[in-house]
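One structure below.
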């Protein structure tokens, strides 16, 4: 099978869906000739034209609200928000309108839109271009939230998100855009249903539950531990909402030791939800150690590259947390 | 020369305005009796705005409503029974009791919903108008909002977006002079809100918001205009007789000011026009009042007899299938 980058996978998902359904339109800042802030949409303007690949003013609120309105009236818009930090400017239409319109209008509305946005640190973007804000959107009933960690998952999940009849926040990972992964040939269509976690590495001693760019990092650490005879299972949550609780609980029951890893700040982070899902379940009597969280520090993302790298879970910190669980 | 309006249209405008007035007077009464939960935002005194505009529209034209939008609902031919049921939070209401009057919507007649967020409907309207243009329909979107909303970022971003994309949307600002308690003189440095259109490169007009006939006629022209040229801002200058909501003690304005505006009642004005132009007799108008009162009574009975929604169904509409 061929290998493509995560960014190419996202582009292929959008292009394939746009070929399939003429009601899909794509709004965003500089997504046309420029190809988007991270080059994800390069070439799409040539294929789909200005009627469907639509450069917008720098108006995150208006374009998100516009997408919600277009979705409520029969289209299936995709919106690209150039950095996930900028969803702060789009929160009103996302949270009060898109997420609630079906419920508050008694089921009359559907809002089939996807808000795609890159999140995460590691690029030197500093405080306002590096955050991982997924917990904010996970806290809003009516939204679905997806964070893929591989090219394969990015393509299959985005295609499913575009076909979903609800507003989906699809958080891509800046540092994964250039990573390559095995993806079926164009034409061999596949979709990954939302709400299904994926066991990226099968193990029996310790479970690491993670998502996004921490997945490859945890897999690397798990590989190192296997040489020492510690067999780690790595569960990639993939869809934060709806959460595949069964998968997490089954893995916890099997290993009895759970480490939750994410890049976002710890306080109020989604790791708390994951940890309590495991603790507050039938897995509890199987646990042989406290469920441990390893998250980003509760600080804004600093500019300095050495500091930036140290405030998120590093391989060393993950290894240390694994050892603590192992020795408990 | 003024466009001649048929007797049928005059009757429709007058009847809808009195129906709206009675609907709200009744709602206020029910609120005082403790039958309505939450709050009420009445548009008494502003009936000509939503009714004048919406009576021009076809079912396929979309509207985005405000929290003070009963005149817009009635203008767009929504069912009084289901509106009343929603007011009472009943399962037969437009939103199955989930939204209340602040979130009333009827997609079957083109109402994409009322909004509890000031200016919240304005970006949504650009999307609805985008769909209309994308699907090459000959319908338009009308977006209602108040004077206060024109100070929100959503107003600025959306009018700019609609302008650069030439979307078929008519922005209708109901200027009732107050954003809750704050007079517009304290929240903006202009008195004619339609001037704001200039900065987006679109047409803006300012009308007497208590003159239902002028509003109707100008909306007919505006619909043609926006289909051809893109967005337009229409400001309807009016006044709300009651407080912002039920908790408002109205310390910020004088009784004299309110009384002066009551003299400019849009219903009284249209009624006098109908009589002086011999379109209807006093008896005809009285009959309409009796009919409207009966319609309200039927709606109350329907709403009161309707079941409460059940908690078993609470998850039904959080997500679509």
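The values are calculated or read from the model by the stated rules, or taken from the named source; none is laboratory data. The structure displayed is predicted, hence computed values, not measured ones. Positions of Cβ are backbone-derived with ideal geometry, glycine not excepted, and every protein chain shown enters the neighbour counts.
With the condition kept exactly as written, say whether any residue in region B:158-173 is in contact with a strand residue (DSSP E or B) (Cβ under 8 Å, 6 or more places away or on another chain), surrounded by fewer than 16 Cβ atoms within 10 Å (Cβ to Cβ) and away from every other protein chain (no Cβ under 12 Å).
no
Anything in region A:141-172 that is part of a strand (DSSP E or B) and within 13 Å of chain B (Cβ to nearest Cβ)? List them, or say none.
Keep residues of region A:141-172 that are part of a strand (DSSP E or B), which gives A:144-146, A:168-172.
Once the filter is applied, which keeps residues that are part of a strand (DSSP E or B) and within 13 Å of chain B (Cβ to nearest Cβ), region A:141-172 yields A:144, A:145, A:168.
What residue, of B:258, B:220, is within 22 Å of residue B:67 (Cα to Cα) and part of a helix (DSSP H, G or I)?
None of the others qualify; the one that does is B:258.
I'm told residue A:112 meets every condition in (1) at the interface with chain B (Cβ under 8 Å from one of its Cβ atoms); (2) within 30 Å of residue A:150 (Cα to Cα); (3) not in a loop (DSSP other than H, G, I, E, B) except one. Can you identify the failing condition by its number?
Here residue A:112 clears every test but (3).
Within region B:75-82, can one find any residue that is free of Cβ contacts under 8 Å to residues at least 12 places away in the same chain and touching a strand residue (DSSP E or B) at 6+ places or on another chain (Cβ under 9 Å)?
So far as region B:75-82 goes, no, none of its residues is free of Cβ contacts under 8 Å to residues at least 12 places away in the same chain and touching a strand residue (DSSP E or B) at 6+ places or on another chain (Cβ under 9 Å).
Taking region B:98-127 as the search range and keeping residues that are over 28 Å from residue B:177 (Cα atoms) and in contact with a helix residue (DSSP H, G or I) (Cβ under 7 Å, 6 or more places away or on another chain), which one is nearest to the other protein chains (Cβ to nearest Cβ)?
For region B:98-127, the residue satisfying everything is B:127.
Determine if region B:134-155 includes at least one residue that is out of contact with any strand residue (DSSP E or B) (no Cβ under 8 Å at 6 or more places or on another chain) and closer than 21 Å to residue B:54 by Cα.
There is at least one residue in region B:134-155 that is out of contact with any strand residue (DSSP E or B) (no Cβ under 8 Å at 6 or more places or on another chain) and closer than 21 Å to residue B:54 by Cα.
Taking the stated definitions as given, is residue A:143 touching a strand residue (DSSP E or B) at 6+ places or on another chain (Cβ under 7 Å), at pLDDT 95 or above and within 20 Å of residue A:19 (Cα to Cα)? Can you show your working first?
On the way: touching a strand residue (DSSP E or B) at 6+ places or on another chain (Cβ under 7 Å): yes; at pLDDT 95 or above: yes; within 20 Å of residue A:19 (Cα to Cα): no.
Judged against the criteria, residue A:143 is not a match.
In this structure, is residue A:124 within 13 Å of chain B (Cβ to nearest Cβ) and not in a helix (DSSP H, G or I)?
No; evaluated as a whole, the condition is false for this residue.
Going through region B:242-255 one residue at a time, which ones are more than 21 Å from the chain's Cα centre (by Cα) and assigned to a loop (DSSP other than H, G, I, E, B)?
B:247, B:249, B:250, B:251, B:252, B:253, B:254, listed by residue number.
From the list B:224, B:272, B:260, B:283, pick out the single residue that is surrounded by fewer than 21 Cβ atoms within 10 Å (Cβ to Cβ), at pLDDT 95 or above and within 22 Å of the chain's Cα centre (by Cα).
Result of the check over B:224, B:272, B:260, B:283: B:224.
Of the residues A:89, A:133, which single one is within 9 Å of chain B (Cβ to nearest Cβ), surrounded by fewer than 23 Cβ atoms within 10 Å (Cβ to Cβ) and closer than 30 Å to residue A:179 by Cβ?
A:89
Taking residue B:28, is it surrounded by fewer than 24 Cβ atoms within 10 Å (Cβ to Cβ) and in a loop (DSSP other than H, G, I, E, B)?
Taking the combined requirement at face value, the residue does not satisfy it.
Kindly indicate which of B:48, B:58 is part of a helix (DSSP H, G or I) and more than 14 Å from chain A (Cβ to nearest Cβ).
Just one listed residue meets the conditions, B:48.
Could you tell me which numbered condition residue B:315 fails, if it satisfies all but one of (1) more than 14 Å from chain A (Cβ to nearest Cβ); (2) exposed (fewer than 11 other Cβ atoms within 10 Å of the Cβ)?
Failed condition: (1).
Tell me which of these residue A:189 doesn't satisfy, since it passes every other one: (1) surrounded by fewer than 17 Cβ atoms within 10 Å (Cβ to Cβ); (2) touching a helix residue (DSSP H, G or I) at 6+ places or on another chain (Cβ under 7 Å); (3) assigned to a loop (DSSP other than H, G, I, E, B).
Single failed check for residue A:189: (2).
Of the residues that make up region B:286-306, is at least one outside any helix (DSSP H, G or I) and more than 14 Å from chain A (Cβ to nearest Cβ)?
Within region B:286-306, not a single residue is outside any helix (DSSP H, G or I) and more than 14 Å from chain A (Cβ to nearest Cβ).
Provide a single number: the residues in region A:43-85 that are farther than 23 Å from residue B:135 by Cα, away from chain B (no Cβ under 12 Å) and surrounded by fewer than 17 Cβ atoms within 10 Å (Cβ to Cβ).
Number satisfying all stated conditions: 1.
Specify the residue that is surrounded by the fewest Cβ atoms within 10 Å (Cβ to Cβ); the eligible residues are those in region A:236-255 that are under 13 Å from residue A:204 (Cβ atoms) and in contact with a helix residue (DSSP H, G or I) (Cβ under 7 Å, 6 or more places away or on another chain). I'd like the intermediate steps shown before the answer.
Here is the first cut: in region A:236-255, the ones under 13 Å from residue A:204 (Cβ atoms) are A:250-255.
Restricting the remaining residues to those that are in contact with a helix residue (DSSP H, G or I) (Cβ under 7 Å, 6 or more places away or on another chain) gives A:252-253.
Working: A:252: 26, A:253: 17.
So, considering only residues that are under 13 Å from residue A:204 (Cβ atoms) and in contact with a helix residue (DSSP H, G or I) (Cβ under 7 Å, 6 or more places away or on another chain), the one surrounded by the fewest Cβ atoms within 10 Å (Cβ to Cβ) is A:253.
Could you please find all residues in region B:133-150 being buried (at least 24 other Cβ atoms within 10 Å of the Cβ) and either more than 20 Å from residue B:236 (Cβ to Cβ) or facing another protein chain (nearest Cβ under 10 Å) (or both)?
B:141, B:143
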